[in-house]
Amino acid sequence: MHVAARLLARLVWILRVLAAAGIGWLLRRLRRVRGQPPRIWHGMLGLHLTGSMVRADRAAGYISRAVALHMNQSYTLVQKSDFDRVIQAEGNAWYDCRWLALIDLLWHGDVWVAYFDCLFFRADQERLNRLAFALIRLAGIKIIACPHGGDVNHQTRYQSRFNWIERYNKDYPSWDANEQRQTALQRIALFCRYSHFVIGGDSSLTKLLPRNDLAFKYFPVDCDPFTPQAQAANPRPIVAHAPNHRLTKGTNYLVDAAANLARRGIDFELMLVEGVARAEALQRYARADVIADQFCIGAFGMFGLEGLALGKPVLTYLDQEHLGDPVFNLPIVNTNPENIEKVLAVLLQVPPLRDRLGKAGRASVEQYQSVAALAEVWDRIYRHVWWGEPLDLEKTRHFSPERKPRSFTEDPALAEFWPVPVADLLAEIHAALRVAGFAIPATGQVSVEPEAVSCSISEQ
């Protein structure tokens with residue numbers, strides 16, 4: 001009897017989905033005939049990237065809808081109000097939520113913007129997922145896939161410089177690496193087969209995908225809530241870091257560098273911010289002098305962009321693909337485990353450089369990565385996918401030909417290392433390195449002279 005009830009329930013859902021697909025197809029045909037722009041549907045993961053993407057859509061004049069299956073209570077960066085619909089919060093059983101999400105898409109979406117883990121059925125239910133994707137396409141919906149990171153992360157023969165994928169897996173010791181790899185490969189294969197457009201993101205992710213139609217930082221940062229701060233009036237400089245995914249981000253390198261610099265006489269506070277609500281975290285970042293993001297992945301993310309929007313110097317490791325591609329050129333200080341002590345030694349002792357980086361960062365993120373700037377890019381992508389128009393991305397600010405690649409040097413003693421002009425500050429930069437115990441040879445390369453006042457680490 002229980003089996004019969006389940007089969008009957010599934011049959012009812014199938015009929016409801018087919019009805020939504022048919023009516024939705026008619027609505028889309030009417031909108032096309034009338035020349036109306038497509039309605040954008042974001043779902044079904046509750047990530048904070050989604051809200052800013054919806055704002056970019058609306059700034060470009062599109063109807064945009066964000067739907068989440070549920071809210072992850074341990075993920076403090078978003079709340080229910082960030083989404084137009086949170087399906088499980090309506091009191092729906094978990095089994096019903098994915099059917100309801102599929103119906104919502106068929107009714108309200110013309111273009112589906114999805115992360116790679118936005119499946120309507122379990123990853124191992126390949127046949128059901130293929131049928132759902134085929135139905136979505138048959139109903140006239142265009143699919144755009146974008147990875148957020150963990151959705152496509154899997155161990156491959158490719159090994160990055162600091163092996164961030166292995167570090168990521170160690171951050172989740174309870175995960176079965178082989179099972180995660182298989183799940184990721186199934187997701188990737190499904191989306192790369194059925195999507196009309198695949199955005200690879202950046203070099204840390206495109207290496208994991210067999211298909212990449214366009215690589216750029218597809219998510220904007222909403223600059224309006226971030227008030228650029230003047231130089232913090234802290235009695236001792238504060239370096240703020242969010243140590244979620246400690247191994248992936250390289251938190252240990254930051255902590256070790258802080259201890260080493262303290263022994264060399266550089267006085268500052270390392271503020272580790274975790275386990276607090278987003279509003280509180282942003283207040284703490286606003287009080288900081290420097291934002292330390294990550295040192296192993298090779299790419300910047302939303303946290304780095306928000307640090308720029310706050311008008312703070314941002315430290316992040318950028319791989320050569322990021323440095324060499326103008327579309328990723330923002331005034332982020334290229335910081336990795338091998339130069340982190342030197343970078344910190346300079347920034348902590350040269351306040352004018354911090355101020356210069358902060359102002360340049362805010363201006364740059366407004367110009368190239370804001371909601372208004374990314375609205376131009378997404379408008380071109382939607383027109384391309386929906387109407388078949390040329391992308392013409394060079395007409396957008398984000399892809400402006402005026403943006404140039406950056407130097408590959410990792411030596412803070414060299415002027416070209418810094419993403420802002422520092423010719424007038426070079427003497428101070430060299431002096432700061434010497435105070436910290438680093439010698440400056442004539443070539444500009446820095447060697448270490450051990451020297452022996454304090455750094456405190458606060459976990460807030």
### Query
Residues of the chain: accessible area per residue at 1.4 Å, in Å²?
43
### Query
If you build the Cα gyration tensor of segment 212-356 and take the root of 5 times each eigenvalue, what three semi-axes come out, in whole angstrom, biggest first?
23, 18, 15
### Message
Normalised radius of gyration for segment 325-436, please: alpha carbon Rg relative to 2.2 N^0.38 Å, two decimal places.
### Response
1.34
### Summary
Residue separation between residue 427 and residue 124 times 0.36 nm, minus their alpha-carbon distance, gives in nm 103.1 nm
### Summary
At q = 0.16, 0.18 1/Å the base-10 log of I(q)/I(0) from the Debye formula over the alpha-carbon atoms of segment 147-226 is -0.66, -0.80
## Note on the structure
Most packed first (mean Cβ within 10 Å per residue), the peptides 198-211, 167-180 order as 198-211, 167-180
### Task
Express in Å², to the nearest 10, the accessible area of residue 116 obtained by rolling a 1.4 Å probe over the protein heavy atoms while all chains stay in place.
0
### Query
Over all pairs of distinct alpha carbons, what does the Kirkwood formula give as the hydrodynamic radius of segment 119-275, in Å?
19.0
### Task
Pairs of Cα atoms under 8 Å, at least six residues apart: use those to get the relative contact order of segment 271-403, whole percent.
20
#### Entry: Calculated FRET efficiency for the pair residue 4/residue 404, C-beta based, R₀ 45 Å, to 0.05
0.10
### Query
In segment 1-65, what trypsin sites (Lys or Arg not before Pro) fall in a loop by DSSP, with at most 10 other Cβ atoms inside 10 Å?
34
### Message
Distances longer than 20 Å among the Cα atoms of segment 84-210: what percent of all pairs is that?
### Response
49
### Environment charge at residue 401 (Cβ cut-off 12 Å; Lys +1, Arg +1, Asp -1, Glu -1)
+2
### Message
Could you tell me how many cubic angstrom of Cα convex hull volume the chain has per residue?
### Response
146
### Query
Which residues does a label at residue 88 reach in segment 112-127, if reach means a backbone N under 16 Å from a point 7 Å past the Cα toward the Cβ?
117-123
### Message
Need one number: nm distance between label points at residue 16 and residue 193, each 7 Å from Cα along Cα→Cβ, rounded to one decimal.
### Response
2.7
### Message
Please give the Cα centre distance for segment 163-223 versus segment 108-134, rounded to the nearest Å.
### Response
16
### Paramagnetic reach from residue 25 in segment 119-151 [backbone N under 17 Å; point 7 Å along Cα→Cβ]
131-143
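The values are calculated or read from the model by the stated rules, or taken from the named source; none is laboratory data. For clarity, every value in this text was computed on a predicted model and none was experimentally measured. A quick note on method: Cβ atoms are made from the backbone with ideal geometry, for glycine too, and the neighbour counts reach across all protein chains shown. Note: accessible area is taken over every heavy atom of the protein model, side chains too, but ligands, DNA and RNA are not part of it. Shrake-Rupley method; radii C 1.70, N 1.55, O 1.52, S 1.80 Å.
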